[in-house]
1. Run down E174, E152 and say which single residue is modelled with pLDDT of 90 or more and within 25 Å of W239 (Cα to Cα).
2. Of all helices (runs of 4 or more DSSP H) completely enclosed by segment 133-228, which ones contain at least 3 residues that are in contact (Cβ under 8 Å) with a residue 12 or more places away in the chain, farther than 24 Å from R269 by Cβ and among the aliphatic types (A, V, I, L, M)?
3. Would you check if V249 is under 19 Å from A197 (Cβ atoms) and either among the charged types (D, E, K, R) or within 21 Å of the chain's Cα centre (by Cα) (or both)?
4. Quick one: would you say R257 is farther than 28 Å from R82 by Cα, in the same structural domain as D132 (by TED's automatic domain parsing), out of contact with any strand residue (DSSP E or B) (no Cβ under 6 Å at 6 or more places or on another chain) and not hydrophobic (A, V, I, L, M, F, W, C)?
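The values are calculated or read from the model by the stated rules, or taken from the named source; none is laboratory data. The structure presented is a predicted model; accordingly, all values stated were derived computationally and were not measured. Glycine also receives a Cβ, built like all others from the backbone with ideal geometry; neighbour counts cover every protein chain displayed.
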Amino acid sequence: MPSARIRIPTKVEAEILFRSDHTCSVCRTRYKDVQLHHIDGNHSNNDADNLIVVCLDCHSRVTGTRGLGKAYTVGEVQRYKRNWEASVRATRSAHRSVSSKRQKQLISQIDLIVCEILACKKDIARAGQLLDLLYELNLWRGSRQITNSIVEGLRHLALMTGLGSPRISGRVAETLWQVCWHFVGPEDVRMNKHDLALVLDCIDALGTLAEFNCMIGHGRDAAAITAEQLENFFRVGLWYGKQRIANGVIKACEEARKECYTRNKIDFRPGLTSLRKSARKMRRWSIKEQPTWRKQIRRVERFLEL
């Protein structure tokens, strides 16, 4: 029986259309009328990662049967979405070189933005705007030094919001992922040693956020959002065949799980539930995409056994 259709929130719809430049993610033909398609077929799942922009022609192909031909798989549609959105981001991120003096000025401004976010405990909308500002600054002016400064600021936010601002910490987790979400696979975007270090830094910051949220913050939504971003990073590790990324994510989950307990009793069940849900996905993906990663698979299985 088909799932009940729930209207896509206006904010989510606008975000997805913007990410795709209001252009079909499959054929990439500009100025055609477009629609939003639920990738998993569940019309009540209006998560941004489950929505892809398609034109009317491609929508009928994606949702319809192909006779004797192969139908579009969920994984294939997800790949179209990732690759096109990454291409749009890359186009928008083209920026002029920044002088050393200007870089120092921008880094000082980043520090001020981080401090203002911490002062926005009750103004969640303003905190979100400032986090968006950090993301856009990284896109437009991002150099290695500026990006590292932004990640350093996000790491501090992860610690502080994880301690007691769960409504903001979820947005911090999403921004950490946004810094790296252009890594959609080695066929499209290469990952050098500096890129790998960036990804590992973001995972470490996410782990800090998860730990302190499970220990003190106890934000239900923050726990779920942080676990989802750790899943995203784990997929990056699988796509690029980087065991260090997978190990970093597993370690973050293990450390956060410890903080869900007090004296061997569960103290924060929502956090534990979110982590276990993510671990089950990581085990399934690993077995399918990297079956030779026996140590990582066994490590995830031990996580689920405890």
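1. Of the residues listed, the single one that is modelled with pLDDT of 90 or more and within 25 Å of W239 (Cα to Cα) is E174.
2. 144-164, 193-212
3. yes
4. Judged against the criteria, R257 is a match.
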